[in-house]
1. Report the charge-dipole magnitude of the chain in Debye, nearest 20, computed about the Cα centre from +1 at each Lys and Arg Cβ and -1 at each Asp and Glu Cβ.
2. State the extension gain, in nm to one decimal, for the chain segment bounded by Gln68 and Leu128, taking 0.36 nm per residue of separation less the distance between their alpha-carbons.
3. Could you grab the relative contact order for the chain? Cα pairs under 8 Å, six or more apart, rounded to a whole percent.
4. Points 7 angstrom from Cα along the Cβ direction at Gln96 and Asn42: gap in nanometres?
5. Take the Cα atoms of the chain, find their three principal axes, and give me the spread along each one in whole Å, biggest first.
6. For Ser139, Ser8, Ser21, Ser156, which order do you get if you count the other beta carbons within 10 Å of each Cβ and list the fewest first?
7. Once Rh for region 17-69 is found with the Kirkwood sum over Cα pairs, what is the Stokes-Einstein diffusion coefficient at 10 °C and 1.306 mPa s, in µm²/s?
8. Using the Cα centre of region 10-151 as origin and beta-carbon charges of +1 (Lys, Arg) and -1 (Asp, Glu), tell me which of Pro67, Leu15, His130 is placed farthest towards the positive end of the dipole.
Amino acid sequence: MEKIPSFSINHLTLLRGIYVSRKDNVGGEVVTTFDIRMKEPNREPAIQPGALHTIEHLAATYLRNHPQWKDHIVYWGPMGCLTGNYLLMRGDLQPQDILPVMQETFRFIAQFEGEVPGAAPRDCGNYLLHDLPMARWESRKYLEEVLLQMKPENMSYPA
């Protein structure tokens, strides 16, 4: 089988950041898949599943209610390797285009208090797997160390 492009990225040198993973034409419209990389793969501990699950619920809820971007959001979900998330958006977009909304999103998560949206037995397939304190900690770390300090090397996949 042919190796898919996302497995061809050099994960040994990949930094935390926002990357364009792929662009697809769907029904005559471009859908951009972003790699929202919160951890350096194979060099930092992965995000704990409960924290990543909570980040998923909060980010998806925030983005799907965002006044400017809600109509562009197709999907937000965790990577199987637990080092980040995928964000699929309608439009031919670049990391620079979504940096402000990613800063807003992770600031929202870092400051969130209360009940996690959709974290009830009726609403979630694994409602017990949530960790709001760690989701807040991971989001604050990513916001402060990456999103607010963004450099070109955090927006372009390594060779």
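1. On the way: 16 positive and 19 negative charges, 28 e Å.
That gives the chain a dipole magnitude of about 140 debye.
2. Details: separation 60, 0.36 × 60 = 21.60 nm, distance 3.21 nm.
That pair, Gln68 and Leu128, stretches by 18.4 nm at full extension.
3. On the way: 257 pairs, mean separation 47.3, N = 159.
Here the relative contact order equals 30 percent.
4. 3.1
5. 41, 38, 36
6. Values: Ser139 26, Ser8 9, Ser21 17, Ser156 13.
Fewest to most other Cβ atoms nearby, the residues stand as Ser8, Ser156, Ser21, Ser139.
7. On the way: Rh = 13.4 Å.
My calculation gives 119 µm²/s for D.
8. Of Pro67, Leu15, His130, it is Leu15.
Each reported figure results from applying straightforward, stated rules to the coordinates on display, with no laboratory input. Just so we're clear, the structure is a prediction, and the values are computed from it rather than from any experiment. Methodologically, a virtual Cβ is constructed for each residue, glycine included, from the backbone with ideal geometry; neighbour enumeration extends over all protein chains shown.
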